[in-house]
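Working notes, structure below.
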Amino acid sequence: MEIIKTIADMKQFAAAHRGEGIGFVPTMGALHEGHLSLIQRSVKENAVTVVSVFVNPTQFCPGEDYEAYPRTLDADAALAADAGAAAVFAPSAQEMYPESYDTYVETGGITDALCGKSRPGHFRGVTTVLTKLFHLVQPQRAYFGQKDAQQLLVVQKMVRELNFDLEIIGCPIVREADGLAKSSRNQYLSADERQRAVVLSRSLNWAQAQMDAGVTAAAQLIDGMRTMIAAEGGDVEYIEYVSRETLRPLDTVQPCSMFALAVRFGTTRLIDNLFVD
Ligand code: PAF
C-alpha cells in the first residue's frame with residue numbers, strides 16, 4: 001500500500017487508477033471499526049480504494065480540539081492496508097492550505113440546523129476539504145458513516161448541486177458491544193464518562209421501542225430521552241426530531257426523518273442518531 005503525502009503524487013496516482021474505478025474513504029485518522037467498515041465496503045465495490053487521513057483545520061471552530069485531535073498515521077496506515085486499501089493520502093496542513101489560501105465551498109440551508117448552530121463554519125470546512133479531496137482523488141464512489149448524519153446530508157447536497165461526478169454512499173453506524181457509537185473522540189472519555197455515555201444509544205433504543213408501541217408525538221419522545229440523559233449527567237446540546245431532507249423539526253413521527261442528538265460528557269461532545277423510515 002502506498003502512503004502519499006503530496007498533491008502532485010496524489011494526482012499522479014489518481015490519473016493512473018481512475019480508469020479502474022476508485023473508491024474513497026475520507027477520514028481524519030484515529031481509525032476505528034466504523035472507518036474500517038467503510039474501507040471494507042469500498043474495497044468490495046471498487047478496484048482501488050484510497051483512504052485520506054487529514055485532520056482538517058478549517059472544520060474546527062476556535063476553542064475546539066484541533067491541536068488535541070489524535071494523530072496516529074502509522075497505526076492508521078497499517079489498519080487501512082489490512083482492510084485492503086491501495087493508498088493512504090496523508091497531506092500536511094501546509095500542503096492543503098498554503099499561506100494565503102482563500103477559497104471556500106459553502107452549502108446553505110441545512111448547515112444552519114443541528115450541529116451547525118453550535119459549530120459555525122464547521123460544515124464550510126468539511127465541504128471545502130472534501131471538494132479539494134474529491135478533485136485530487138477522483139473517486140467514482142465515496143463512503144461516509146451515518147453517525148455524522150448531517151455531514152452525510154450536506155455532502156450529498158453539495159455533490160448534487162455542484163454536479164460532482166461521483167456517488168456518495170452512506171453506511172450504517174458501527175457500535176461498541178454496549179451500544180455506544182464508535183467515534184475517534186470516545187478516547188477522550190474517562191472510564192466513568194464512558195459508562196454513562198451508553199445512555200445515548202439507550203435513549204434512542206427507548207424512543208424506537210416507544211414508536212413501536214404506537215407513540216407518535218415527537219415532544220413526548222424527546223422529553224423522555226432528555227430525562228434519561230440528564231439522569232446520567234449528560235449535558236444536552238440538542239435532541240431534535242427532524243426531516244432527513246430539510247433538517248427542520250417535525251411534530252409527529254413520519255418516514256424519512258431522524259432523532260439526532262449532541263451531548264457532552266465532561267468536555268467530550270458526542271453525537272448519535274436514529275433514522276426513522
Ligand atoms: O468525518 C470526518 O472525519 C471529516 O469530517 C471528513 C469527512 C474526513 C472531512 O474532513
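Values quoted throughout were computed directly from the atomic coordinates according to the rules given, and no laboratory measurement underlies them. Since the structure is predicted, the reported quantities are computational estimates derived from the model, not experimental observations. Cβ placement follows ideal geometry from the backbone for every residue including glycine, while neighbour counts extend to all protein chains displayed.
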* Taking the chain as the reference, fit the longest principal axis to its C-alpha atoms, fit the long axis of helix 199-212 to the helix C-alpha atoms, and give the angle between the two in degrees, 0 to 90, nearest 10. => 60
* What are the semi-axes of the equivalent ellipsoid of the range 32-85, taken as the square roots of 5 times the eigenvalues of the Cα gyration tensor, listed largest first and rounded to whole Å? -> 26, 12, 9
* What is the calculated FRET efficiency for E2 to T227, with r their C-beta to C-beta distance and R₀ = 51 Å, to the nearest 0.05? -> 0.50
* To do: Write down the percent of antiparallel bridges among all DSSP beta bridges whose residues are both part of the chain, to the nearest 5.
  => 50
* Note down the relative contact order for the chain as a percent, whole number, built from C-alpha pairs under 8 angstrom at least six residues apart. => 17
* To do: Once you have the Cα-Cα distance between Y66 and D9, take 0.36 nm times their residue separation minus that, and quote the gain in nm to one decimal.
  => 17.9 nm
* Structure fact -> Between E167 and residues 5 or more places away or on another chain, the pairs with built amide H atoms under 5 Å apart involve R141, A142
* Asked: For the chain, what does the equivalent ellipsoid look like in terms of its semi-axes, each the square root of 5 times an eigenvalue of the Cα gyration tensor, given largest first in whole Å?
  -> 32, 20, 18
* To do: Grab the Cα-Cα distance for D192 and C256, subtract it from 0.36 nm times how many residues apart they are, and report the gain in nm with one decimal.
  => 19.5 nm
* **With eigenvalues of the C-alpha gyration tensor scaled by 5 and rooted, the range 75-154, Å** => 25, 18, 12
* Compute the length gained on full extension between S92 and V236: take 0.36 nm times their separation in residues and subtract their Cα-Cα distance, giving the result in nm to one decimal. => 48.4 nm
* Asked: Any number yet on Rg/Rh for the range 1-147, C-alpha, Kirkwood?
  -> 0.95
* the range 197-237 versus the range 260-277: alpha-carbon centroid distance in Å -> 11
* In straight Cα distance, which lysines are under 20 Å from K182, not counting same-chain residues fewer than 8 positions off? -> K147
